[in-house]
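Structure record follows, encoded as structure tokens.
The values are calculated or read from the model by the stated rules, or taken from the named source; none is laboratory data. The structure displayed is predicted, hence computed values, not measured ones. Cβ sites come from the backbone with ideal geometry, for glycine too, and all protein chains shown count toward neighbours. Only protein heavy atoms, including side chains, enter the accessible area calculation; ligands, DNA and RNA are left aside. Shrake-Rupley method; radii C 1.70, N 1.55, O 1.52, S 1.80 Å.
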Amino acid sequence: MKNTYFKKVAVACVATFAFIGIHNSTVEAITQYEVVNVESLVDIGQAYGPIMNELNQENNQNDNQKEIILNKPDPAVEQSAEKKVEEPAASEPETAEPEMATPEPAAEPAPATPAVTISTQEKDLFARLVEAEAKGESYEGKVAVATVVLNRVDSPEFPDTVTGVINEVVGDAYAFSPVQNGEINKPASEESIRAVEEALTRQDRLNDCIYFYNPEIATDSWITTREVVKTVGNHVFAK
């Protein structure tokens, strides 16, 4: 009779504890234990005390874990927030406008320096000879006639000045027919003057030609035996 009474008390106590503060998981844990026969309240405490202590510890552990999980800050979020505070927003670099270089004015080509220097009076005589000998010829033809005169100045076979070459006498006549017939006394054109200036720079010596003639009107057969270098207009240039 006494054993039956204590069994009922034990069952009632266990049911009361389960109803007051134990979760579903705790109830499941209780149902896993076997009912123990006890003779007194002391025996009940000894029988069910360890069970209740274990359940309380498990409940406290679950609560602590939940609290820790809820309150633990996220390291990635904190690090991102610190970067936003510490790092200022990067400003775009200012683009410098390119400076426009001022083009320098093109230098005018320097006039060619004459390789042969002659006086103004001699230059006028020279231009008048070119005008008389190459009248009606192209500018290139006039430059070529002036070049022959200068080649003769450089040749040991002729006088060593422009005036001496122009006024040279061969046999009983002047070397240049305009000197013989007086055409050299007429003024020179601007083109003949420019042709003389260019010839004086000695840029093209016509392969050192020292003769020129018009094959249509030439009367000296000897001149036709000279080596022909170039033909310009109506004149043949030879050496």
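Residues are listed down the side, and each one gets a yes or a no for (1) hydrophobic (A, V, I, L, M, F, W, C); (2) touching a residue at least 12 places away in the same chain (Cβ under 8 Å):
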residue: Lys186; (1), (2): no, yes
residue: Ser192; (1), (2): no, yes
residue: Ile210; (1), (2): yes, yes
residue: Asp220; (1), (2): no, no
residue: Ile223; (1), (2): yes, yes
residue: Glu227; (1), (2): no, yes
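If Gly136 satisfies all but one of (1) modelled with pLDDT under 95; (2) in contact with a helix residue (DSSP H, G or I) (Cβ under 9 Å, 6 or more places away or on another chain); (3) not polar (S, T, N, Q), what's the number of the condition it fails?
Answer for Gly136: the failing condition is (2).
What is the residue count in the range 134-154 for residues that are without any contact (Cβ under 8 Å) to a residue 60 or more places away in the chain and within 13 Å of Val236 (Cα to Cα)?
1
Closer than 22 Å to Thr231 by Cα, open to solvent by less than 80 Å² (accessible area, probe 1.4 Å) and at pLDDT 95 or above: does that describe Ala195?
Answer is yes for this residue.
Being acidic (Asp, Glu) and either within 17 Å of Leu150 (Cα to Cα) or open to solvent by less than 70 Å² (accessible area, probe 1.4 Å) (or both) is the filter here, so list the residues in the range 161-184 that pass it.
Of everything in the range 161-184, just one residue is acidic (Asp, Glu) and either within 17 Å of Leu150 (Cα to Cα) or open to solvent by less than 70 Å² (accessible area, probe 1.4 Å) (or both), namely Glu168.
Looking only at the range 117-140, count every residue that is in a helix (DSSP H, G or I) and farther than 20 Å from Val228 by Cα and tell me the total.
Residues meeting the conditions: 14.
Within the range 101-129, track down each residue that is among the hydroxyl-bearing types (Ser, Thr, Tyr) and either closer than 23 Å to Leu150 by Cβ or modelled with pLDDT of 70 or more (or both).
Once the filter is applied, which keeps residues that are among the hydroxyl-bearing types (Ser, Thr, Tyr) and either closer than 23 Å to Leu150 by Cβ or modelled with pLDDT of 70 or more (or both), the range 101-129 yields Thr113, Thr117, Ser119, Thr120.
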